[in-house]
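Asks: I have a structure I would like to understand better, so I am pasting it below and will then ask my questions one at a time.
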Amino acid sequence: MEGETGDTSPDTRADGTGTPGTAGGPDGVSRKTVLKAAMAVGPAAVLLGSAPALARNRTATPDKPLTPTPYCDDGDDPTPPQTEGPYFTPGSPERDSLVEPGSSGTLLTVSGFVFGLQCQPLGDVLLDWWQADSRGAYDNVGYRYRGHQFTDSTGAFKLTTHVPGLYPGRTRHLHVKLQAPNRPVLTTQLYFPGEPRNNTDPIFNPALLMDIRDGGGGKEGSFDFVLNVQGSGPSDPPGGTWKAATGYRPGDRVTFGGATYECLQAHQATAGWEPPHVPALWRRV
């Protein structure tokens with residue numbers, strides 16, 4: 001047994017700073033609400049990945065920011081970071097695939113974005129992953145199923161690995177540490193929907209469920225992190241047809257920083273909401 005204990009402090013944010021709980025998400029719909037709705041139509045909906053609400057599908061404004069990840073709540077307190085456990089090893093190699101020659105198991109890709117509170121994507125965020133192998137064993141000598149990576153300029157990450165195995169006392173999970181440049185470290189865990197042990201694992205939290213579906217010869221998972229980082233994020237060099245204070249409609253196209261973007265939602269352009277920084281509003285084409 002890993003010997004982990006959960007931190008259930010009611011006033012702990014995702015980066016460890018205190019905050020009171022909120023009554024719901026920015027649009028009044030929370031991860032838990034969506035999860036309950038999926039459960040109501042049967043476990044298949046959860047297994048197909050319809051449960052977690054992803055931060056990329058939400059918008060935020062300076063006076064209405066996103067809740068620090070993982071998305072909460074229905075009146076609950078913001079979900080706290082989770083325990084590191086005894087099996088973390090520093091100094092992991094930089095790589096985006098933990099699959100090595102001779103390793104086996106069900107292939108798993110986990111992808112998503114890392115956002116700040118104003119829904120700005122955060123580039124150069126460190127994600128340090130570790131997990132059990134398909135038999136439920138950790139490598140505490142070397143770096144099998146351990147590695148770190150960084151988000152790209154759009155805040156995106158993608159990890160290729162195998163579905164971790166089970167061991168006594170815990171449900172199936174992935175460990176990860178995240179750190180935006182010059183910000184505190186968030187240590188947490190990600191979980192799989194539909195696991196029987198989710199009901200008995202004392203550390204499990206449904207707000208940390210990945211969106212899991214079949215694909216790519218194995219499983220594909222999605223999860224968006226929202227860190228306690230204020231501000232609108234750095235701006236790209238000026239240039240292109242995008243202009244602040246302009247009203248854009250779905251389908252409109254602009255150029256910015258040498259790339260072309262298509263509008264996804266009607267909005268009034270605002271400084272700090274340049275197309276590369278708000279994937280909820282603009283899609284690069």
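Asks: Does any residue of the range 174-190 turn out to be farther than 25 Å from residue 95 by Cβ and surrounded by fewer than 18 Cβ atoms within 10 Å (Cβ to Cβ)?
Replies: No, the range 174-190 has no match at all.
Asks: Report, by residue number, each residue of the range 86-98 that is assigned to a loop (DSSP other than H, G, I, E, B) and open to solvent by 20 Å² or more (accessible area, probe 1.4 Å).
Replies: 86, 87, 88, 89, 90, 91, 93, 95, 96
Asks: Can you pull out the residues in the range 259-285 that are open to solvent by 40 Å² or more (accessible area, probe 1.4 Å), out of contact with any Gly (no Cβ under 7 Å at 6 or more places or on another chain) and of a type outside the set (A, V, I, L, M, F, W, C)?
Replies: 260, 265, 270, 283, 284, listed by residue number.
Asks: Yes or no: residue 142 at pLDDT 90 or above and either aromatic (Phe, Trp, Tyr) or within 22 Å of residue 202 (Cα to Cα) (or both)? First the steps, then the outcome.
Replies: On the way: at pLDDT 90 or above: yes; either aromatic (Phe, Trp, Tyr) or within 22 Å of residue 202 (Cα to Cα) (or both): no.
Considered against the rule, which asks whether it is at pLDDT 90 or above and either aromatic (Phe, Trp, Tyr) or within 22 Å of residue 202 (Cα to Cα) (or both), residue 142 comes out as no.
Asks: Scanning the range 112-127 for residues that are in a strand (DSSP E or B) and in contact with a Ser or Thr (Cβ under 6 Å, 6 or more places away or on another chain), which turns out modelled with the lowest pLDDT? Let's see the steps before the verdict.
Replies: Filtering the range 112-127 for residues in a strand (DSSP E or B) gives 112-115, 121, 126-127.
When the remaining residues are screened for being in contact with a Ser or Thr (Cβ under 6 Å, 6 or more places away or on another chain), the result is 112, 114, 121.
Working: 112: 90, 114: 85, 121: 80.
Per the criteria, the residue is 121.
Asks: Within the range 175-197, does at least one residue satisfy the condition of being in a loop (DSSP other than H, G, I, E, B), among the small types (Gly, Ala, Ser) and under 26 Å from residue 100 (Cα atoms)?
Replies: no
Asks: Let me ask something else. Scan the range 209-229 for residues that are of a type in the set (Gly, Ala, Ser) and farther than 17 Å from residue 280 by Cβ and jot them down. Before the answer, list the steps.
Replies: Filtering the range 209-229 for residues of a type in the set (Gly, Ala, Ser) gives 215-218, 221-222.
Within the range 209-229, 215, 216, 217, 218, 221 meet the criteria.
Asks: Go through the range 104-146 and count every residue that is of a type in the set (Gly, Ala, Ser), surrounded by fewer than 20 Cβ atoms within 10 Å (Cβ to Cβ) and either within 20 Å of residue 158 (Cβ to Cβ) or touching a helix residue (DSSP H, G or I) at 6+ places or on another chain (Cβ under 8 Å) (or both).
Replies: 3
Asks: Specify which of the listed residues (250, 196, 237) is at pLDDT 95 or above and loosely packed, with under 13 Cβ neighbours inside 10 Å.
Replies: Only one candidate qualifies: 196.
Asks: Residue 101 is checked against (1) touching a residue at least 12 places away in the same chain (Cβ under 8 Å); (2) part of a loop (DSSP other than H, G, I, E, B); (3) open to solvent by 20 Å² or more (accessible area, probe 1.4 Å) and fails just one. What number does that condition carry?
Replies: Just one mismatch for residue 101, condition (1).
The values are calculated or read from the model by the stated rules, or taken from the named source; none is laboratory data. Here the structure is a predicted model, which means the values were calculated and not measured. FYI the Cβ positions are ideal-geometry reconstructions off the backbone, even for glycines, and counts take in every protein chain you see. Surface accessibility is based on the protein's heavy atoms, side chains included, excluding ligands, DNA and RNA. Shrake-Rupley method; radii C 1.70, N 1.55, O 1.52, S 1.80 Å.
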